[in-house]
1. Work out, step by step, the length gained on full extension between LYS149 and LEU18: first 0.36 nm times the residue separation, then minus their alpha carbon distance; give nm to one decimal.
2. What is the local net charge at LYS175, summed over the other residues whose Cβ is closer than 13 Å to its Cβ (Lys, Arg +1; Asp, Glu -1)?
3. Hey, what do the phi angles of region 91-104 turn into as Karplus ³J(HN,Hα) couplings, whole Hz, using 6.51/-1.76/1.60 and θ = phi - 60°, x for Gly and Pro?
4. Counting only residues 5 or more places away or on other chains, whose amide H sits under 5 Å from the amide H of GLY150 once H atoms are built in the peptide plane?
Amino acid sequence: MEQRFCTRCGEAAGVRNLFCGRCGAKLGSAEPQVTNDSQASNEGLSTLQILAIAMVVLAVGLGGYLILRPKGTPGPNATGPLATSATPTAAPTTAPTPVITLPPPTPAATPGVLLTLSGNGIKNSGPFTASGDSVQVAYTFDCTAFGGKGNFIAHLVGSDGAPNGIANELAASGKDSTTVYLSDMTGPYHVEVISECSWSLTVTGMP
């Protein structure tokens, strides 16, 4: 029996059949018809080709970046030490506030006792020093043991031997305080007392 074959899908068909029983193509047609399925297949193949080309371009670009990037520059997905700056940034530090310890204030100089002396008759004191421009001398004397008046004479003497008077009294007894200036004298100083009576004196000033 004579047979024909579909030029599109190759299915055997009878001589009298006008269309292929498998794909529906018209038998005897030299050119197979392009159906919607064939068009969809061609369109799908074109999309796959575009995706493949895009992936190849992306791979080539990424490879070139990894090869040509400066040494030490982290990659796009890098982790670890190279993912951060090559030189770590030090955390800011706050300098400690210096503690300034001030010395205690020097106490103001106050007058003090420079000499205490007492006796009967003539007497010279030991040397003493004074830093101010004057000293204060307080004295007392008592001559009642003689039954009358007596002398009490006292001088402040500097290192040059020149005397500066403190007291020159004639009485049965007495007491007083006087200021003796040191501007014309040089130290160290001492006190000379001439008296028949019992007496005492105290010199105060800046040491």
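1. So the chain would gain 29.0 nm between LYS149 and LEU18.
2. On the way: positive: none; negative: ASP142, GLU169, ASP176.
Combined, the nearby Lys, Arg, Asp and Glu give -3.
3. Karplus values, whole Hz, x for Gly and Pro: 5, x, 10, 9, 5, x, 6, x, 9, 9, 9, 8, x, x.
4. ALA171, ALA172
FYI, it's all coordinate maths here, none of it is from the lab. What you see is a predicted model; the values in this text were computed from it and never measured. Heads up, the Cβs are rebuilt from the backbone with ideal geometry, glycines too, and the neighbour counts pull from every protein chain shown.
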